[in-house]
Structure formats: structure tokens, C-alpha cells
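Okay, so here's the structure we're looking at.
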Amino acid sequence: MPYLQYRGQRVTLTQAVQVIGAFDGAALRIPGDDPAARATIRLGADGTGIISRADASSEVSVNGVQLGAEPSPLLHGDKVELGGEQLQYGDDAQGGSTQFISAANVAAHLGAAKGPRKATSATGGRLVSLVDGREYTIADAGASFGREIGNDIVIASAEVSRRHAEIVPAEGGYVLKDLSTNGVLVNGVRVEKEQLLGRADVIRIANEEFRFYADKARDVAAAVAPPSAGAQSAQPATAAAAPAQASQPSAPVSPTAPLPEAPTVPKPIRPSAAREPLATLEVVNEGPAKGEKYQIFTPLANVGRGAHNDVVIADDSVSDSHAKILHRDGHWFIEDQGSTNGTYIGGNRVHGEQQVVGAPDVRFGNVKLTFRPSAATADTGGSTRAIASVNAEQARRMSTHGAPAAGPAPAGSGRHSQGGGAVAHPAHKPEKPVVIPEADLPAKKGCATAIAFVLATAAMAGAGMLAILFRVGG
């Protein structure tokens, strides 16, 4: 049965909402009277524990990540932080006895332990789950793996021992110790008792995999190596020459002399601040890179570890050319470029190209970021239609009086001016143009109505002239 535990207190979850926190009457009481230390917890329809903030001012964390407005499901072994206190979530169904795996599987994985590929120091240790992307910090005293909820990293599997393994700091870096029945694999090779870990090593326990990171080992040999004989002899000469150089003007530098090369450090491309980005990526992993932002200024941006990319992520889990981010037809897409450790959107691995909707979490290798499109490029669910350029003043005149005249009509031309409402009689030079008041024109119903009105007026005028001619002739 799922439960939440704090020291000697334990509350079994039910379908009913239970409030925990630092107040009297709580289903699980923690010390203090902080009103922000309050959360609700219940059992979901599928039997999973679900935790939420009790109100907008509540401060709740799950595995070190601040809980937002949305509820969060809990996994066996998750740690809930409330009011500075740590509570643990567990499930009795996940805490049975250890099951032995096949001896054939053990033999298949057994092999000689190898040394670390990239040495580390015993500081800055962290683990990133390759299954769900969760990140775990290795404390100063180390970190433990196991099935019981007292471990730092809990793996709910019958193949996992109650206390399966541990990572502890040592003189040469972090050491993984196997304490289990069924063993631990590092980079596909079973550990024999203990093994020194290197950066980006993959630790496998049952069906769970974690990538290990720590601060890079300092190059002690380079730091303490004595200078060469040539360098030792050059130092006094340089010191002696300094006063003489100070009193003399500097000699011109030869144009053919090679210039010293400055070290190049890959950095995210950051164009001028006056230019608005189309989207922004922000690192959410715990660690020194947390909060780092990468701005995207082009509809096509390459992501990877190589310096040629638009978004350069200097992490061992990111491939040299990892993925592409595209803005096309009003939508955002992410395309994986055959990376080793994969590209994920909202926890789902991207195969080929996938559309990005809203502002989800994306992950390149083990680096998790929040993708935020700008307001101008946010996915609105449709594409933009281009319309032809229209002269607004001309359209207004046409809707009121019909098509505008190309110019003043010459005398005797027989042309009827529709733009100004003037009518020229075909056989006579008019002394004054006949102007139809705007109030007498029909309502604005478009060009066709105006043309029909002018033609009808002309027909009536022609009929009147015929009538006069008949009378004169009679």
C-alpha cells in the first residue's frame, strides 16, 4: 500500500485528500508552524501517490525540484521536502524480498573491471537517470542505491537488494561499491566489489541506468611539473631586459611574425540585445549550468557539443551534432540527428522530427531544458496567409463612388466620369458639369451598385433627350 513516512510517523494514502504540513490536525505533522509548509496527498485512480501544493503560497519540493501549480505523481523512494523537513514516499508492493536472476545472465555480464575513461575528482558528483531524466546529487558522504526507501536512490525492483550499492568519495575520485546479490554493471561490465568511476560512465542496476558526472580531475602532473631548463634560463634574461625595454621605444612588430593564438572556448551564440529571439532554451538541471539560457534567432538552429552549432551545449552526453530546432509554417519542430543519447520532448524520445506544442521540457542527452517560444512564434494551431497590398483610400472611394477616373475628360470625348459623379453629354460642350450630391447616391454597397446607378442615370438622360427631339420634330 502506498504511504508517506516521516521519522516515526506514517500515513497510508487513500482516495481521499489528506493534508500534511506544519500545523495541528495534519494527517502527517512536521515540526514548526510555517503556513507555507503545507501539501495535499492522495491516491490516484491507478494506485499511484499524487502530491499537490495546498495553496498558491505552499512551498513543496520533490527530489529537490520545486513543485508547481500542477500535481505531481510520486515514485517509490521519492523524497518530499516540506518546511525544511524531508519525507519519504514508499509502496509496500515494491519492498518484497530479493529475487535471484539467472546464473547465465550473471556469467554473461561478468568481466574484468576497467578503469575510468575520464578521471574525476571527488567533488560535484551527480547522477542522471537515462530512463526518466531525473537528476540526483551525490552528497559529501556519498549516495546509496537500493530497494528500501531509506536509500538515496530507490529502485523498485525485485532484482535489487535492500541496499544494493553505494558511491563514496575517495582519494582518486568517486568509487562504486557493489553490496548486492545480483550485481552492478558499469559500461556493460559487471563490477567486482568496487570500481573507480569516470565522467559519463553508465551505471546499470536491474533495468535502471544512470550516467555519472563529477568535476574533472586536476592535471596534477602539469600543475607541479618544474619548468624546463630553457625556461629557467630565459626567466633571468627577461627580468634583466625589462629595465632596458622600459627606457627604449618598442620595436615595430614584423608583419610576418606569428601571433599567439588565444584559446577558443565554445559559448552559446548571443547576437545583439536589440534583436528579439524567436525562442529561448533554459537549463533546468541541478548544477553550475542551471539557469543558463540559449537564445534562438533563426528559424533553423543546430544543437550539439561541437563549436559549429548555433546552440553549443558542452556536455559529454550531447553528440557533436545532436539535433535541429526548426520553425516552419507557424509551428516549432525538433529533429534528432541520430544522436547517441537521444532527444526527448516532454519525456518522450524523438524519432526523426516531432512538433513542439506549448513550452515543454526538452532533453538533449542528459541536459534538460525548458523550451519557450516568443509570443510572435508561439504555436497558434494555423499558418499565416499572405494578402495582396491594397490602397485603403482608393478602396474607400471605389466602395462609395465606383472606380476612380483616370483624369479629366477632354471636351467632346463622350466619356462619363464616374469618380466625381459628373456626366458629359456627347454632342455638346457642357458649361457646367452636372454634379450628383453625395447624399443622393445609394448606400455603400460596393462598386457594382454604383456603376449600375450611374448607367441608369445616363439612360434616363438619353430618354429625356429623345422625347425633346420628338416634340421639336412634331
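Out of Ala314, Ala375, I need the residue that is loosely packed, with under 13 Cβ neighbours inside 10 Å and among the aliphatic types (A, V, I, L, M). Which one? Give the steps one after another, and end with the answer.
Details: Ala314 fails: loosely packed, with under 13 Cβ neighbours inside 10 Å.
Just one listed residue meets the conditions, Ala375.
Filter segment 119-154 down to the residues that are surrounded by fewer than 14 Cβ atoms within 10 Å (Cβ to Cβ) and at pLDDT below 75 and list them by number.
Correct list: Asp132 only.
Of everything in segment 272-303, what is touching a residue at least 24 places away in the same chain (Cβ under 8 Å), small (Gly, Ala, Ser) and at negative phi? Give them in sequence order.
Scanning segment 272-303 gives Ala279, Ala289, Ala301.
Could we say that Leu28 is within 34 Å of the chain's Cα centre (by Cα) and of a type outside the set (S, T, N, Q) here?
Numbers: within 34 Å of the chain's Cα centre (by Cα): no; of a type outside the set (S, T, N, Q): yes.
For Leu28, the condition - within 34 Å of the chain's Cα centre (by Cα) and of a type outside the set (S, T, N, Q) - is not met.
Among residues belonging to segment 175-214 that are in contact with a helix residue (DSSP H, G or I) (Cβ under 8 Å, 6 or more places away or on another chain) and not in a strand (DSSP E or B), point out the one that is surrounded by the fewest Cβ atoms within 10 Å (Cβ to Cβ).
Here is the first cut: in segment 175-214, the ones in contact with a helix residue (DSSP H, G or I) (Cβ under 8 Å, 6 or more places away or on another chain) are 182-183, 185, 188-190.
This time we only want the ones that are not in a strand (DSSP E or B), so: 182-183, 188.
Details: Asn182: 22, Gly183: 21, Gly188: 10.
Only one residue tops the list, namely Gly188.
Against the conditions (1) open to solvent by 50 Å² or more (accessible area, probe 1.4 Å); (2) under 26 Å from Glu276 (Cβ atoms); (3) part of a loop (DSSP other than H, G, I, E, B), where does Glu335 fall short? Just the number, please.
Of (1) open to solvent by 50 Å² or more (accessible area, probe 1.4 Å); (2) under 26 Å from Glu276 (Cβ atoms); (3) part of a loop (DSSP other than H, G, I, E, B), only one is false for Glu335: (3).
Quick one: what pairs do we get from segment 135-152, first residue over 26 Å from Gly347 (Cα atoms), second crowded, with 20+ Cβ neighbours inside 10 Å and acidic (Asp, Glu), C-beta under 6 Å, 6+ apart or different chains?
Partner pairs satisfying both residue conditions: Gly142/Glu166.
Anything in segment 261-285 that is part of a loop (DSSP other than H, G, I, E, B) and either surrounded by 18 or more Cβ atoms within 10 Å (Cβ to Cβ) or at pLDDT 80 or above (or both)? List them, or say none. Lay out the reasoning, then the answer.
So in segment 261-285, the residues part of a loop (DSSP other than H, G, I, E, B) come out as 261-278, 284-285.
Hits for segment 261-285 are Glu276, Pro277, Leu278, Val284, Asn285.
Each row is one residue, and each column tells you yes or no for (1) hydroxyl-bearing (Ser, Thr, Tyr); (2) modelled with pLDDT of 85 or more; (3) under 33 Å from the mean Cα position of the chain (by Cα).
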residue: Gly96; (1), (2), (3): no, no, no
residue: Glu159; (1), (2), (3): no, yes, no
residue: His164; (1), (2), (3): no, yes, no
residue: Tyr174; (1), (2), (3): yes, yes, yes
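Within segment 2-34, restricting attention to residues that are among the charged types (D, E, K, R) and in a loop (DSSP other than H, G, I, E, B), which residue is most open to solvent (accessible area, probe 1.4 Å)? Before you say what the answer is, go through the steps one by one.
Going through segment 2-34, the residues among the charged types (D, E, K, R) turn out to be 7, 10, 24, 29, 33-34.
Next cut, in a loop (DSSP other than H, G, I, E, B) only: 7, 24, 33-34.
Numbers: Arg7: 175, Asp24: 132, Asp33: 131, Asp34: 72 Å².
The qualifying residue most open to solvent (accessible area, probe 1.4 Å) is Arg7.
The values are calculated or read from the model by the stated rules, or taken from the named source; none is laboratory data. The shown structure was predicted, so the numbers you read here are calculated from the model rather than taken from an experiment. We place every Cβ from the backbone using ideal geometry, glycine too, and count neighbours over all the protein chains shown. Quick note on the areas: whole protein, heavy atoms, side chains included, nothing else; ligands and nucleic acids left out. Shrake-Rupley method; radii C 1.70, N 1.55, O 1.52, S 1.80 Å.
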